[in-house]
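Notes for the one structure printed next.
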Amino acid sequence: MIDALLVNAVILISLVLILWAISVRIDDVSFIDAFWGAGMGVMAVTSYLQLVDPGELATLIMVMAAAWGFRLGIYLLRRWKREGEDKRYKLILKKDREKGNFIIASLTKVWLMQAVLLFAVSSPAQVGILASSEPAPIQGIAYAGIALFLVGIFFEWVGDWQLARFKADPSNEGKVLDTGLWRYTRHPNYFGDACAWWGIWLCCASAGWDYALYTVIGPIFLTFTLTKWSGAALLEKGLDKSKGDKYADYKRRTSAFIPMPPKSAG
C-alpha cells in the first residue's frame, strides 16, 4: 500500500506543477478550487488502477470519490471561467505580487499547500480502495456509508444547482437566497461535502477499522475547513459586508451548517 500511495503522491505533485506553471502564465491561481475536487477524483482512480483484481468495495469507493470529485471540479471550473479570479486568492497573494514574488508564493502558499491537504482529505478513498486489494464485498458499515454519502450528494448537488439558478437571475441582485435547501441551512453544499466524505470514510472502515483510524484526519479536517476556516467562516465575512442587515436576519433564522427548521421571525 505504501508504494501505491507514493505513486499517487508523485502523480499529484506532477499535476500540481503543471497547473502551477499554467497559473503563472495566466497570472491567476484561483482555478485551483476546481482541482481540489477533481484531484481527489484522480487519487481515487489512480488507486483503483493499481489493483490487480479490485472487488466490489474498491469499485464502490472509487465510484463515490470520482463522482463527487469530478462533478465538483467541473462545476467550479465553469464558475471560475464565468466569474474570473477569486477575491480570496487576490488577497492571499497581494503582497507577494507587489514584491514580485508571485511565482514562488503561488507555488508554496497555494499549490503545494493544497496538494498536501488534498492528499490527506482524500486518504479515506485512497486507503479504502488499496485496502481492498483482495476482492472485498460490500457489507456491514459500508451500507451506512453509502446512505450518508447519498444524503451528502443530494445536499451538495441540489444546493449548488439552486445557488446557480439564483445567481443567474438579475432580479436577485443584492438579495439573499433563503428558499429550497438554503431555508434549512446557510451552507447546504458544504454540509453535503462533509456528509459525502464521512460516508466514504465509513466505507473505508468497512475494509478494516485500523484503516479508518489512519484516515479519519481526512473528514475531520474537511469538516473543520468547511465550517471554521476557508469555507463558511470566510464566505460569511464577505456576505456580512456585502448584504448587511438582510444577511444578518437570514443568519438569525437559519442553521449555520446542519439542516434545521428555520426559526420564526420573532
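Just so it is clear, none of the values below were taken in a lab; they were calculated from the coordinates. Given the structure is predicted, the values throughout are model-derived calculations rather than measurements. Note that each Cβ is placed from the backbone with ideal geometry, even for glycine, and that neighbours are counted across all protein chains shown.
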Dipole axis of the range 115-266 (+1 Lys, Arg; -1 Asp, Glu on Cβ), positive-most option in PHE119, SER242, ALA205
SER242
Test item: Cα-centred dipole of the range 152-241, Lys/Arg +1 and Asp/Glu -1 on Cβ, debye
220 debye
Estimated dipole of the chain in Debye, rounded to 20 [Cβ of Lys and Arg +1, of Asp and Glu -1, Cα centre]:
1340 debye
Run the reach check for LYS94 against aspartates and glutamates, Cα to Cα strictly under 15 Å, same-chain hits fewer than 8 apart removed. What comes back?
ASP27, ASP28, GLU85, ASP86
Working from the alpha-carbon coordinates of the range 73-166, get Rg over Rh, Rh being the Kirkwood radius.
1.11
Globularity index of the range 139-266, i.e. its alpha-carbon radius of gyration over 2.2 N^0.38 Å
1.19
Cα-based Rg then Dmax for the range 1-133, in Å, read 16.1, 53
Output ³J(HN,Hα) for the range 74-87: one whole-Hz value per residue in order, computed from phi by the Karplus curve 6.51 cos²θ - 1.76 cosθ + 1.60 with θ = phi - 60°, and x for Gly and Pro.
5, 4, 6, 5, 5, 5, 5, 5, 7, 9, x, 4, 6, 4
Take the Cα atoms of the range 21-73, find their three principal axes, and give me the spread along each one in whole Å, biggest first.
44, 19, 8
Within the set LYS167/LYS246; LYS167/LYS263; LYS90/LYS251; LYS99/LYS241, which residue pairs have Cα atoms separated by over 18 Å?
LYS167/LYS263; LYS90/LYS251; LYS99/LYS241
How large is Rg over Rh for the range 224-266, taking Rg from the Cα atoms and Rh as the Kirkwood inverse mean of 1/r across Cα pairs?
1.00
In Hz, Karplus ³J(HN,Hα) per residue of the range 186-193 (6.51, -1.76, 1.60; θ = phi - 60°; x = Gly, Pro)
6, 9, x, 5, 5, 4, x, 4
Spelling out what I want: for every residue of the range 60-71, take phi, set θ = phi - 60°, compute 6.51 cos²θ - 1.76 cosθ + 1.60 (Karplus), and round to whole Hz; glycine and proline get x.
4, 5, 4, 5, 4, 5, 5, 4, 5, x, 6, 4
